[in-house]
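Q: Quick one: this structure, given as structure tokens, is what I'll be asking you about.
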Amino acid sequence: MDAYQQELHIEDELLSGMRADANAVLQKLLQNMVEKDSLEGKLTISLEISLTPEWIPNNDPLIEGSTRKALTPKFSHKVGSIMQIKKEEKGGKKCDGYELVWDEERKEYVLRPIANTRQMTIFDTDFRLVDDEAGSEQAAIEGNAFAALPAPADGNESANDISDEFGANDSGGDDDYPYID
């Protein structure tokens, strides 16, 4: 499975909020049943799923056409208990930046970051790691890697720093604000 994909099962992280809410409501229901000497209770879990279609530019060489349809799912849950006392929690999870795709290897739907559009991302096909002849992974696109931007050439403050011109380093002034020296 691709390291950036998310599995779509009840026990997976995507629905952890729903599971946490269900556990909290279950414990409260059991506590109420014991306190009220009730022999029956009911816990309900409702999961609503909506898919939002979006046509995005396509730069994926494996898919034909200049645009493609990406389906972005939204999961909303509602957990409740029924007895004489009703306890309910609500929540939801919107999956912005991800699309619902069929994983042939797993034979199930997964969430994958939306990639291969006009705006390049690290998830694009061109940026994936490839194996070289020696069997080690290397970046698919060659280039120099820099840990940070270079420092100013003369080692001093930037030549574009004009903060002194606006009194940014002024320790006093006539603006009625107290300054600490």
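Q: In nm, what is the difference between 0.36 nm times the number of residues separating E7 and E35 and their Cα-Cα distance? Present the calculation step by step, with values, prior to reporting the outcome.
A: Values: separation 28, 0.36 × 28 = 10.08 nm, distance 3.94 nm.
Once the chain is fully extended between E7 and E35, it gains 6.1 nm.
Q: Can you pull the one-decimal nm distance between simple spin-label points at E108 and K42, each 7 Å off the Cα toward Cβ?
A: 3.0 nm
Q: Would you please give the FRET efficiency between K74 and D176, computed as 1/(1 + (r/R0)^6) with r the Cβ-Cβ distance and R0 = 30 Å, to the nearest 0.05?
A: Values: r = 51 Å, r/R0 = 1.70.
It comes to 0.05.
Q: When the chain is fully extended, how far beyond the present Cα-Cα distance does K90 get from L51, taking 0.36 nm per residue of separation?
A: Using 0.36 nm per residue and subtracting the Cα-Cα distance, I get 12.1 nm.
Q: Could you sort out which of K36/K74; K36/K94; K42/K94; K78/K107; K42/K69 sit more than 30 Å apart by Cα distance in this structure?
A: K36/K74; K36/K94; K42/K69
FYI, it's all coordinate maths here, none of it is from the lab. Treat the numbers as computed from the prediction; the structure is a model and nothing was measured. Reconstructed Cβ throughout: ideal geometry from the backbone, glycine too, with neighbour counts over all protein chains shown.
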